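Since the structure comes first, as structure tokens, the remarks are kept for the end.
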Amino acid sequence: MRRPAVPGASGLLKTASIGPGGCGHVLETRQWVPAGIEETFAFFSDARNLEAITPRFLGFEIRTPLPIEMREGALIEYRLRLMGVPMTWLTRIDRWEPGAGFVDRQLRGPYARWVHEHRFTPAGRGTLIEDRIEYAVPLAPLSEPVRTLFVTPTVERIFRHRHEVVARRLG
């Protein structure tokens with residue numbers, strides 16, 4: 001992922017197809033915040049903040065008792081609603097690098113695949129936050145119209161909201 005030339009660069013970089021037959025997709029985002037890396041990483045390390053940065057329309061709530069010790073192997077269960085349909089989502093922290101990043105992977109949930117890499121890099125007088133999300137919908141390629149019309153726009157909407165909230169909280 002390219003680094004922004006100046007602090008303040010942020011946004012959704014791209015959504016692209018990956019994998020055999022283009023059944024998997026990737027969304028990459030970056031956001032610069034004026035907070036230091038310790039503060040930024042601490043914010044994302046606190047699972048309670050995930051509810052704050054997730055749009056209300058998802059009815060998102062963490063089901064795992066808080067506080068959650070974030071570490072490699074940690075399991076976190078959520079409940080959310082998509083178009084009013086309740087779902088559970090279970091993720092595992094596959095990689096945990098304090099101050100640098102982490103990776104969470106869906107073990108059970110609405111996607112056939114969901115792997116979210118979070119990276120944090122000191123940049124100027126702040127921190128560059130980079131996200132790389134690999135996702136696939138069930139029943140691909142039959143579900144491609146649903147992915148195109150609903151899933152990808154929803155994922156992008158979630159990350160636009162997330163950027164707005166993170167900017168307010170860490171800006």
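The values are calculated or read from the model by the stated rules, or taken from the named source; none is laboratory data. In this text the structure is predicted, and so the values were computed from the model without any measurement. Cβ sites come from the backbone with ideal geometry, for glycine too, and all protein chains shown count toward neighbours.
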Selection from region 105-137 of residues that are more than 20 Å from Gly73 (Cα to Cα) and among the β-branched types (Val, Ile, Thr): Thr121, Thr127, Ile129, Val137
Matching entry among Val155, Val146, Val166, Val151 (being farther than 20 Å from Phe60 by Cβ and assigned to a helix (DSSP H, G or I)): Val146
Qualifying residues in region 31-71 (those that are assigned to a loop (DSSP other than H, G, I, E, B) and among the β-branched types (Val, Ile, Thr)) - the one surrounded by the fewest Cβ atoms within 10 Å (Cβ to Cβ): Thr64
Within region 112-161, tally of residues that are among the small types (Gly, Ala, Ser), out of contact with any Lys or Arg (no Cβ under 9 Å at 6 or more places or on another chain) and at pLDDT below 95: 3
Considering residues of region 127-138 that are in contact with a helix residue (DSSP H, G or I) (Cβ under 8 Å, 6 or more places away or on another chain) and under 13 Å from Phe41 (Cβ atoms) only, the residue surrounded by the fewest Cβ atoms within 10 Å (Cβ to Cβ): Thr127
Residue tally, condition surrounded by fewer than 17 Cβ atoms within 10 Å (Cβ to Cβ) and either in contact (Cβ under 8 Å) with a residue 24 or more places away in the chain or touching a Leu at 6+ places or on another chain (Cβ under 9 Å) (or both), over region 78-95: 7
Among (1) more than 21 Å from Leu170 (Cα to Cα); (2) surrounded by 15 or more Cβ atoms within 10 Å (Cβ to Cβ); (3) touching a Ser or Thr at 6+ places or on another chain (Cβ under 7 Å) - the single one Arg108 does not satisfy: (2)
Any hit, region 15-28, residues being at pLDDT below 85, under 14 Å from the mean Cα position of the chain (by Cα) and on the phi < 0 side of the Ramachandran plot: yes
